[in-house]
Amino acid sequence: MSDCIFCKIVKGEIPAGKIYEDEELLAFHDVNPQAPVHFLVIPKKHIPDVMKLGREETPLLGRLLYKAQELAAELGCAEKGARFVINCKADGGQTVDHIHCHVLGGRPLDWPPG
Ligand code: DGP
């Protein structure tokens, strides 16, 4: 998608604090961090949101969550944990229409969120 911010990050057209990249996935620090650890893991493929996930994309999302877990551990969250969040559409608070998993950690997080 030519006007998608995260597709532009994938293509290197917008800079981001990348922490991981392979042929299918990209992880980078959130530009507006809400916790000491706050990064996003995205598929390079443009999937707009969870409601548009296809069954054939479930292995990709499984890999994404596993990589999110590995990176969270590398950034010091293995013992105390972290929050793994995928917002979806307007009611879910999604602002960038390219599916992404937030990983937040490094401090206790309130529940439920506002
Ligand atoms: P969401 O509300 O779930 O769609 O979260 C989108 C997140 O993406 C939000 O926390 C801020 C982050 N974000 C938006 N634009 C950029 C950007 O250009 N670079 C980076 N690193 N993060 C961005």
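Can you tell me how many residues in region 17-52 are buried (at least 17 other Cβ atoms within 10 Å of the Cβ) and either in contact with a Lys or Arg (Cβ under 6 Å, 6 or more places away or on another chain) or not in a loop (DSSP other than H, G, I, E, B) (or both)?
13
Any idea which residue in region 53-70 is surrounded by the fewest Cβ atoms within 10 Å (Cβ to Cβ), counting only those that are farther than 23 Å from Asp97 by Cβ and of a type outside the set (Phe, Trp, Tyr)?
This residue is Glu70.
Tell me whether region 91-108 contains one or more residues that are part of a loop (DSSP other than H, G, I, E, B), farther than 15 Å from Pro43 by Cα, away from the ligand (no atom under 16 Å from the Cβ) and out of contact with any helix residue (DSSP H, G or I) (no Cβ under 7 Å at 6 or more places or on another chain).
Yes, region 91-108 contains a residue that is part of a loop (DSSP other than H, G, I, E, B), farther than 15 Å from Pro43 by Cα, away from the ligand (no atom under 16 Å from the Cβ) and out of contact with any helix residue (DSSP H, G or I) (no Cβ under 7 Å at 6 or more places or on another chain).
I'm checking my understanding of the structure. Among residues of region 1-16 that are in contact with a helix residue (DSSP H, G or I) (Cβ under 6 Å, 6 or more places away or on another chain) and surrounded by fewer than 16 Cβ atoms within 10 Å (Cβ to Cβ), which one is farthest from His100 (Cα to Cα)?
Filtering region 1-16 for residues that are in contact with a helix residue (DSSP H, G or I) (Cβ under 6 Å, 6 or more places away or on another chain) and surrounded by fewer than 16 Cβ atoms within 10 Å (Cβ to Cβ), the one farthest from His100 (Cα to Cα) comes out as Ile14.
Of all residues in region 62-88, count the ones that are without any contact (Cβ under 8 Å) to a residue 24 or more places away in the chain and either polar (S, T, N, Q) or in a helix (DSSP H, G or I) (or both).
Number of matching residues: 7.
Read-outs: derived from the displayed coordinates by stated rules, not from any lab. Just so we're clear, the structure is a prediction, and the values are computed from it rather than from any experiment. Glycine also receives a Cβ, built like all others from the backbone with ideal geometry; neighbour counts cover every protein chain displayed.
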